[in-house]
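What follows is a single structure, written as structure tokens, with notes after it.
The values are calculated or read from the model by the stated rules, or taken from the named source; none is laboratory data. It should be emphasised that the depicted structure is a prediction, and the values quoted were computed from it without experimental measurement. All Cβ positions, glycine included, derive from the backbone under ideal geometry; neighbour counts span all protein chains shown. Calculation scope for accessible area: heavy atoms of the full protein, side chains included, ligands and nucleic acids excluded. Shrake-Rupley method; radii C 1.70, N 1.55, O 1.52, S 1.80 Å.
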Amino acid sequence: MALRINPSILASDFANLESELGRIRNADLAHVDVMDNHFVPNLTLGLPVVERLQQVSPIPLDVHLMIDAPERWAPQYAELGAYSVTFHAEAVGRDSDPVAVARSLRERGARAGLALKPGTDAEPFLELLPEFDMVLVMTVEPGFGGQSFMPETMPKLRTLSQAVRDSGLDVWLQVDGGINDDTIGIAAEAGATVFVAGSSVFGAENAGAQVDHLRELAAGHRHGHR
């Protein structure tokens, strides 16, 4: 399975988002964090900004919704043309369920992703894997960039990786939080195939070169690589 580097624009210069997207045109997707100051204690951007980013980005958008009631909002991001829309299992309302949200995304042409916070077990969702195109294992607590990678989340990633291999499904496994030169190999070895990197990419003098470097590091440590 291909390895993908999705730089998080949360670490970019918000006053120059179009040019910042141009700096990562060799990446696979641009990771866009949407936060509502309810599900997480931070507020970033919403539908109008993501719609404009969709119009100007040289690469597809990987939208990560850290918001309450994704069953209400997630389909609208798919309708904007986002390539992938990920929502949090913990945020789905009592009157909905993750599978229903995922199906609504797929119906609108987007890949459906399910995100799990560090303290959320993977086991209840293993039987639902066919309903999703990606599972995001948060390697920090969601809400803010620049946090340190949590290695204690790797057993969960290994569990998901084994389940994906056993099922034969084409489900991407994404990690988000504290991914840099020192940690990307740990995540790749545990089975991650998609890597969200913010500060380590946009903080580099040459963001594009850093994207290539991270991809090479991940390839050297990918699960099963010898």
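Across every pair of non-identical alpha carbons in the stretch 55-173, the mean reciprocal distance, once inverted, gives a Kirkwood radius of 14.7 Å. Size descriptors for the chain, from the alpha-carbon set: Rg then Dmax equal 16.0, 47 Å. The residues of the stretch 136-226 present an accessible area of 42 Å² per residue when probed at 1.4 Å with all protein chains retained.
For the stretch 1-87, DSSP calls about 10 percent of its internal beta bridges antiparallel. Our helix-only sum for the chain, with -39,500 (n - 2.57) per DSSP H run of n ≥ 4 divided by its residues, gives a mean residue ellipticity at 222 nm of -9500 deg cm²/dmol.
Taking label positions 7 Å along the Cα-Cβ direction at both Ser167 and Asp181, the computed distance is 3.7 nm, reported to one decimal. Taking the Cα of Val99, stepping 7 Å toward and past its beta carbon, and measuring to each backbone N in the stretch 74-89: which are under 17 Å? Under 17 Å, as judged by backbone N against the label point of Val99, lie 89 of the stretch 74-89.
Here the chain exposes an accessible surface that is 48 percent carbon and sulfur, computed with a 1.4 Å probe and the other protein chains kept in place.
Considering Cα pairs under 8 angstrom that are at least six residues apart, work out the relative contact order of the chain and quote it in whole percent.
21 percent
Label-to-label distance for Gln76 and Ser148 is 3.8 nm, based on points extended 7 Å past Cα in the beta-carbon direction. Of all DSSP beta bridges confined to the chain, the antiparallel ones make up roughly 5%.
If one computes the Cα centroid of the stretch 43-93 and of the stretch 1-33, what distance in Å separates the two points? Taking the Cα centre of the stretch 1-33 as reference, the centre of the stretch 43-93 is 15 Å away.
Applying the Karplus relation 6.51 cos²θ - 1.76 cosθ + 1.60 with θ = phi - 60° to the stretch 69-80 yields 3J(HN,Hα) values of 6, x, 4, 8, 9, 4, x, 5, 6, 5, 5, 5 Hz, where x marks Gly and Pro. Each residue of the stretch 167-178 was assigned a 3J(HN,Hα) from its phi angle through the Karplus expression (A = 6.51, B = -1.76, C = 1.60, θ = phi - 60°), giving 7, x, 7, 9, 10, 6, 10, 9, 10, 8, x, x Hz with x at Gly and Pro.
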